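Q: Right, I'll just put the structure down here and ask away after.
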Amino acid sequence: MELYVAGGCSEHGRNSFLVTGKKVSFLVDAGVMKEKPDEPWPKLRAEQIRNIDYLFLTHCHADHAGALRWLFERGFRGRVIASRATLCFLSGKIPGASALEDYAKPLREFRLDDGLSVTWGRSGHCIGSVWFLFRVRERRILFSGDYEERSIAYKCDKIRDVSADIAVLDCAYGFESETADAHRKAIAEKLDEIRKRGTPALFPVPAHGRGLDILRLLAERGMPAVLPASIADEYRSLKDRRLWLKREFLDLTKDLRYSEIEEFGKGQGSPGKQPSPEGLGPAGILVRDSQLSDAVSREYADRVIAEGGDVILTGKQDPASYARKLLNDGKAGFFRISVHENEEEMLRLMKRNSFRVVIPYHCREELTFKKKKIRVLVPGDRVRF
Ligand SMILES: [Zn+2]
Ligand SMILES: [Zn+2]
């Protein structure tokens, strides 16, 4: 068997890994790297793409699934397999896809044609996010996907007692030492301060993911939320997503007070139609535009700041984004909501399982790891196993 890194190692974005055996060839994720417009797509030749039998998607985020159309345009004819929620979020973009849940429950192995056996588990990163363990005869390779064991919203089937020849593990937070719990404490204190002050806070969030963690933090404090229609829709349908959400999360958020507003961000909405930040009091406003790339959300962020409110960033900012600019100018605060692993957590995962070779992915720059079995790769690298 051979693992070929098409993207996602020593860079942030275009996660994509090709595994090839005698009888079967499959791709795990097909992401786009938005911050590198000159090299956004996975490093795959048309011939490699044509020979792929299966594409497994760990979740719906663009750095894992944003190259789907590109892949089909280049001759991909294989079968796409992902959780039903992931397929639903990517709706209309995938011909002939199959839902993981139709093959097997979490942690139960199922077998496809060509001798490929697959086990999946929930990875705690967002609704529909999974990890995969693949087996072809006695060869095993594990992909953690974007992985967080301690999410306050999402269920995680912890990866334990797994033997694998290769494990490709999330290490997006690199050598940052703070834990998920420390991050949660910091943002909780910030929200308490905002509640006392009586001003609103704007949270730019991605389409699926950290928004739900924020809803829980607001609900715990009895703070109301202001939600654009798409987030409100998602919020109302949470009870149908029990497979992915923790019970205490559902219990806590069912009493959330929220008001629904017109969609804004990502080319939708108009600046005049958003609620005035002046009259809102201590509410959390969510906008589905994590980088504040849309003119309407930028303008709204400025209004919130001008009224003495806060703009709170919770994830990575692209270097050229307005979110980064506000942070650099001291106008926005950064409070991480942990949705990935750091090096320490990755090492812990190694201890609790038996991996012969570990390949960290999602690390932005080349990191030097002390452990011998950790191999730092770059796109284009191959490993036989
Ligand atoms: Zn993700
Ligand atoms: Zn990712």
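Q: How much space per residue, in cubic angstrom, does the convex hull of the C-alpha atoms of the chain take up? Intermediate results must be reported in sequence, preceding the final value.
A: Numbers: hull volume 50.5 nm³, N = 385.
Per residue, the Cα convex hull of the chain comes to 131 Å³.
Q: Counting only DSSP beta bridges with both residues in the range 1-99, what percent are antiparallel, rounded to the nearest 5?
A: Taking every DSSP beta bridge with both residues in the range 1-99, the antiparallel ones total about 50 percent.
Q: While we're looking at this one, here's another question. Roughly what % antiparallel, to the nearest 5, for the DSSP beta bridges in the range 28-179?
A: Working: 15 of 25 bridges.
The antiparallel proportion sits near 60 percent.
Q: Given the chain, what percent of its DSSP beta bridges are antiparallel, to the nearest 5?
A: Numbers: 29 of 63 bridges.
Looking only at bridges with both residues in the chain, the antiparallel portion is about 45 percent.
Q: Could you work out the local net charge near His59, counting Lys and Arg as +1, Asp and Glu as -1, over the other residues with Cβ closer than 9 Å to its Cβ? Intermediate values should be presented prior to the final figure.
A: Numbers: positive: none; negative: Asp29, Asp146.
Local charge sum for His59: -2.
Q: When the helices in the chain are scored as -39500 (n - 2.57) per DSSP H run of 4 or longer and the sum is shared across all residues, what 222 nm value do you end up with, to the nearest 500 deg cm²/dmol? Spell out each step's value before the answer.
A: Details: 11 runs with 93 residues, N = 385.
That comes out to -6500 deg cm²/dmol.
Q: Below 9 angstrom from the Cβ of Ser83, what's the summed charge of the other residues (Lys, Arg +1; Asp, Glu -1)? Let's see the in-between values first.
A: Numbers: positive: Arg84, Arg122; negative: Glu101.
Surrounding charge for Ser83 is +1.
Q: About its Cα centre, what dipole magnitude does the chain give when the only charges are +1 on Lys and Arg Cβ and -1 on Asp and Glu Cβ, stated in debye to the nearest 20? List each step's numbers first, then the result.
A: Values: 65 positive and 56 negative charges, 266 e Å.
Charge dipole of the chain: 1280 debye, to the nearest 20.
Q: Expressed as a rounded percentage, what relative contact order does the range 55-209 have, with Cα pairs under 8 Å and six or more residues apart?
A: 16 percent
Q: With viscosity set to 0.890 mPa s and temperature to 25 °C, compute the Stokes-Einstein D of the range 180-334, Rh being the Kirkwood radius across alpha carbon pairs; µm²/s, no decimals. Intermediate results must be reported in sequence, preceding the final value.
A: Numbers: Rh = 15.6 Å.
Approximately 158 µm²/s, per Stokes-Einstein.
Q: By how many degrees, 0 to 90 and rounded to 10, does the Cα axis of helix 180-197 deviate from the longest principal axis of the chain?
A: 20 degrees
Q: Using modelled backbone amide H atoms (1.01 Å from N, in-plane), which distant-in-sequence or interchain residues come within less than 5 Å of Leu245's amide H?
A: It is Lys155, by chain and number.
Q: Check the straight Cα-Cα distances from Lys158 and name the lysines below 28 Å, setting aside those fewer than 8 residues away within the same chain.
A: Reachable lysines: Lys105, Lys185, Lys239, Lys246, Lys254, Lys316, Lys351, Lys370, Lys371, Lys372, Lys373.
Q: Can you tell me the relative contact order of the range 180-334? Whole percent, Cα pairs under 8 Å, sequence separation 6 or more.
A: RCO, the range 180-334: 32 percent.
Q: Using 0.36 nm per residue of separation minus the Cα-Cα distance, give me the extension gain between Lys190 and Ser91 in nm, one decimal.
A: On the way: separation 99, 0.36 × 99 = 35.64 nm, distance 3.65 nm.
Fully extending the segment from Lys190 to Ser91 adds 32.0 nm.
Q: Taking neighbour Cβ counts within 10 Å as the exposure measure, how do Cys9, Cys126 sort from fewest upward? Working shown, then result.
A: On the way: Cys9 23, Cys126 28.
Fewest-to-most Cβ neighbours within 10 Å comes out as Cys9, Cys126.
Q: Mind listing the long-range amide H neighbours of Val24? Cut-off is under 5 Å, sequence gap 5 or more, other chains count too, H placed in the peptide plane at 1.01 Å from N.
A: Distant-sequence amide H within range of Val24: zero hits.
Q: If you average the alpha carbon positions of the range 244-314 and of the range 192-218, how far apart do those two centres end up, in angstrom?
A: The two parts, judged by their Cα centres, are 8 Å apart.
Q: Within the range 97-192, which chymotrypsin sites (Phe, Trp or Tyr not before Pro) sit in a loop by DSSP and count at most 13 neighbouring Cβ atoms inside 10 Å?
A: Details: sites: Tyr103, Phe110, Trp120, Trp131, Phe132, Phe134, Phe143, Tyr147, Tyr154, Tyr173, Phe175; in loops: Tyr103, Tyr147, Tyr173, Phe175.
Here the chymotrypsin sites (Phe, Trp or Tyr not before Pro) that fit, given the DSSP loop and packing criteria, are Phe175.
Every number in this text was worked out from the coordinates using simple rules, so none of it is lab data. A quick note: this is a predicted structure, and the numbers were derived from the prediction, not measured. Every residue, glycine as well, gets a Cβ built from its backbone with ideal geometry; the counts of neighbours run over all protein chains shown.
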